[in-house]
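Encoded as structure tokens, the structure appears first; notes follow it.
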Amino acid sequence: MVEPAPRAAPLAGHEPLVDVHAHFLHARAGRRDWEMPNRARMRAGDRIGITVHIASILGTWGHASPVYFPSPRDVTLGNDEMLAIQDRDPDRIRSYVTVNPNDTAHALDEIARCGERGAVGVKLAASRRADDPLLDPIAAAAERRHFPILHHIWQHRTREWPGQEISDGADLGRLARRHPSVSFILAHIGGGGDYRHTFAAVAHIPNVYLDLSGSGVDRGMLDDAVRAVGARRILWGSDITMETGLAKLWALEHVEPHLDASAMTDIRWRNAARIFPLGALPGVPALEREPVVVAGHAR
Amino acid sequence: MIDAHTFIGPYPFRHIPHPDPDALVRVLDRERIESAWVGHLPSAFYRDPAAGNDTLFDALSPYTGRLIPVPAIRPDWPRWEQALAAVLDRGAVAVRAYPQQWGFGSNHPAMAELAVACGESGVPLVLTTRFEDLRQRHAMDLVGDLPAATVRALARAGPRVRLLVAAASRALIEEVHWGLTPDERARVWWDISWIWGPPEDELAHALRTIGSRRFVYGSGWPLRLAQTPRANLELLPDELRAPLAPLGDAAQIPARSA
């Protein structure tokens, strides 16, 4: 029998830990048990030792409009629900503002509205491919507010998938090159597809950060991620499988090349503190944003 | 504690680091796991797994009692009965089969014969639902996940058949479990390597509804991180953590001694 850790000790230790990829449900998401996953996330977060959950809600999660193609009405509803959750637990929760770039004006209004209400980043899912020009005004709005953009990604898009207009690392890389002052969080390297394709596609693009979340726990994935982008461009996250997030955090202690304590701190919270607005993350020391260096020039 | 779901050897569709017995022993030490049931990963993709079984027994021989061989038997191969007898003579405590990789349908008679023969010999038959997530498979890896119908058919093949199904997730487990009689489902075990934890809490749900005695500890190493099942158990709701003793030991499956 595995011995449970003592209750008082967070399973991931006492140092701050930022989950950059979390989600919550709400009453109009079509699930009668919507409160249970929300409570489970906070329960597990406390046990792991998560300092702050940075989360998004994608409309009505498919109930009234598709998960990855949410209507403007559902986008607004989801963002309001997300901000309400943040308001109820301001010491542990922060919000992304979710937008659908096909409704450009609405998307820009939502970024402005939710930014004023306390959102700290932008969530883009799969309503439009990442390199589409429609994303440019979204990225420009994010830049003005110093918001990072968390972008849903399929690791190596070899074909279209139903229910989403999916992007991969190469697609996101093209957007990131057009907006070198914006930090892009490439979602869930363990979330499906070939992560090694992603690593090759974005290794040389310094404003793309890898989020470790997703149900995939392939051995070798973390080692390859560290080799490709280094600890300074890796962010910890859980998405909808928190046990794989914890396992990956533990496994980082054993990757090749070895990560020292400072590198682990970068992944746990310091990288997040650098790319989110100054002082936006509760319980996490504020760090000045660092300039993104591209081809030897600070931008 | 036994990790009932491990392999040695490389995987044909991607590089995996250090899939070797000595690395596995170090992982077991780190995870505080006493022993592991170990298959030979390349054998799943051999037409005839016999050579892989020889490699497995040879590779594990320095680790007797710690790494326990679980060889593969292909039941549509000539003289498979003798092959089964031979691996049992060499100390196998369970037998693996890969009906998907061998192109067998859910009601293939040879699989039923193997399940019955294993049951009569006092060893469980180990099935693997998947090696990788469907979303990331190589273009040449066209084999689908193990269907629930295959598991149900084998569980019904005979009263002494015992199955351990690795890498199954909630939907498959529930479709099989509630699709069997109480006697049949009492002869099927599941490893927890691919069951989601919080926030959906699918492992907690399975333990509550199906019962912890049907589940064993398993990781899927070297394909998957060995830390995952430990993390999953640690994140269970409080009321499920205390009575977990029945889970976590493949030794609960009636089998020959290692």
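Which loop-located trypsin sites (Lys or Arg not before Pro) does segment B:34-136 contain, where loop means any DSSP state but H, G, I, E or B and the Cβ has at most 10 other Cβ atoms within 10 Å?
B:ARG47, B:ARG79
Placing unit charges on the Cβ atoms of the charged side chains and taking the dipole of segment A:18-282 about its Cα centre, the candidate lying farthest along the positive direction among A:ILE57, A:SER95, A:PRO70 is A:SER95.
With a Förster radius of 45 Å, plug the Cβ-Cβ distance of B:THR209 and A:ALA84 into 1/(1 + (r/R0)^6) and report the FRET value to the nearest 0.05.
In this case the efficiency is close to 0.90.
Within the set of other residues whose C-beta is less than 11 Å from the C-beta of A:PRO72, count the net charge using Lys and Arg as +1 and Asp and Glu as -1.
Computed value for this residue: -3.
Using the alpha-carbon positions of the protein assembly as shown, Rg (one decimal) and Dmax (whole number) come out as 24.2, 74 Å.
Summary value for chain B: 21 percent relative contact order, contacts being C-alpha pairs under 8 angstrom separated by 6+ residues.
The charge dipole of chain B, taken about its Cα centre with unit charges on the Cβ of Lys, Arg, Asp and Glu (plus for the first two, minus for the last two), comes to roughly 200 debye.
Each Lys and Arg Cβ is given +1 and each Asp and Glu Cβ -1; about its Cα centre, chain A then shows a dipole of about 240 debye. The 3J(HN,Hα) values that the Karplus relation (6.51, -1.76, 1.60; θ = phi - 60°) gives for segment A:51-61 are, in residue order, 7, 8, 9, 9, 10, 9, 10, 8, x, 9, 6 Hz. Gly and Pro appear as x. Beta bridges from DSSP with both residues in the protein assembly as shown: antiparallel share about 10 percent, rounded to the nearest 5.
Taken along the Cα-to-beta-carbon direction at a fixed 7 Å, the label points for A:ARG28 and A:LEU108 span 2.6 nm. Here B:HIS18, A:HIS23 are placed in order of increasing Cβ neighbour count within 10 Å, fewest first, which gives B:HIS18, A:HIS23.
The antiparallel fraction among DSSP beta bridges confined to chain A stands at about 10%. Computed over neighbours whose Cβ is under 11 Å from that of B:TRP77, the net charge equals 0, Lys and Arg +1, Asp and Glu -1. Summary of the geometry: segment B:114-132 and segment A:96-112, compared by the centres of their Cα atoms, lie 53 Å apart. Residue order for B:SER212, B:SER35, fewest other beta carbons within 10 angstrom first, comes to B:SER212, B:SER35. Dipole size of the protein assembly as shown about its Cα centre, with +1 on Lys/Arg Cβ and -1 on Asp/Glu Cβ: approximately 240 debye, rounded to the nearest 20. Backbone amide hydrogens, once placed in the peptide plane, bring A:THR98 within less than 5 Å of A:ILE57, A:LYS123, excluding anything fewer than 5 places away on its chain.
For segment B:174-227, just say rounded, prolate or oblate: build the C-alpha gyration tensor, square-root its eigenvalues into a ≥ b ≥ c, call rounded for a/c under 1.5, and beyond that prolate if a/b exceeds b/c, oblate if not. Cα axes put segment B:174-227 in the oblate bin. Between segment A:144-158 and segment A:37-75, the alpha-carbon centres lie 17 Å apart. Working note: 222 nm ellipticity from helices only, DSSP H runs with n ≥ 4, each -39,500 (n - 2.57), summed and divided by the residues of chain A, gives -10000 deg cm²/dmol to the nearest 500. Among the trypsin sites (Lys or Arg not before Pro) found in segment A:1-105, those both in a DSSP coil and sparsely packed, with 13 or fewer other Cβ atoms within 10 Å of their Cβ, are A:ARG7, A:ARG32. Distance from the alpha carbon centroid of segment A:223-277 to that of segment B:169-190 works out to 37 angstrom.
Think of segment B:2-252 as having a plus end and a minus end, set by charges on the Cβ of Lys, Arg, Asp and Glu; of B:ILE192, B:ALA168, B:GLY220, B:ALA168 sits farthest toward the positive end of this dipole.
Take A:MET242, B:MET140, A:MET221, B:MET1 and order them by how many other Cβ atoms sit within 10 Å, fewest up front.
B:MET140, B:MET1, A:MET221, A:MET242
Shown here for segment B:143-239: chymotrypsin sites (Phe, Trp or Tyr not before Pro) in loop regions (DSSP other than H, G, I, E, B) with at most 11 other Cβ atoms within 10 Å, namely B:TRP178. With a sphere of radius 15 Å drawn around the Cβ of B:ALA112, what net charge do the other residues whose Cβ falls strictly inside it have (Lys, Arg +1; Asp, Glu -1)? Here the count lands on +1. Mean partner shielding of peptide B:217-226, defined as the number of other chain Cβ atoms within 10 Å of each residue Cβ, is 4.
Between rounded, prolate and oblate, where does chain A land on the alpha carbon gyration tensor, with a ≥ b ≥ c its root eigenvalues, rounded for a/c under 1.5, else prolate if a/b exceeds b/c? Rounded is the answer for chain A, as its axis ratio a/c remains below 1.5.
Laboratory data are not the source of any read-out in this text; all were calculated from the coordinates shown. None of these values were measured; they are calculated from a predicted model. Cβ: placed from backbone, ideal geometry, glycine included. Neighbour counts: every protein chain shown.
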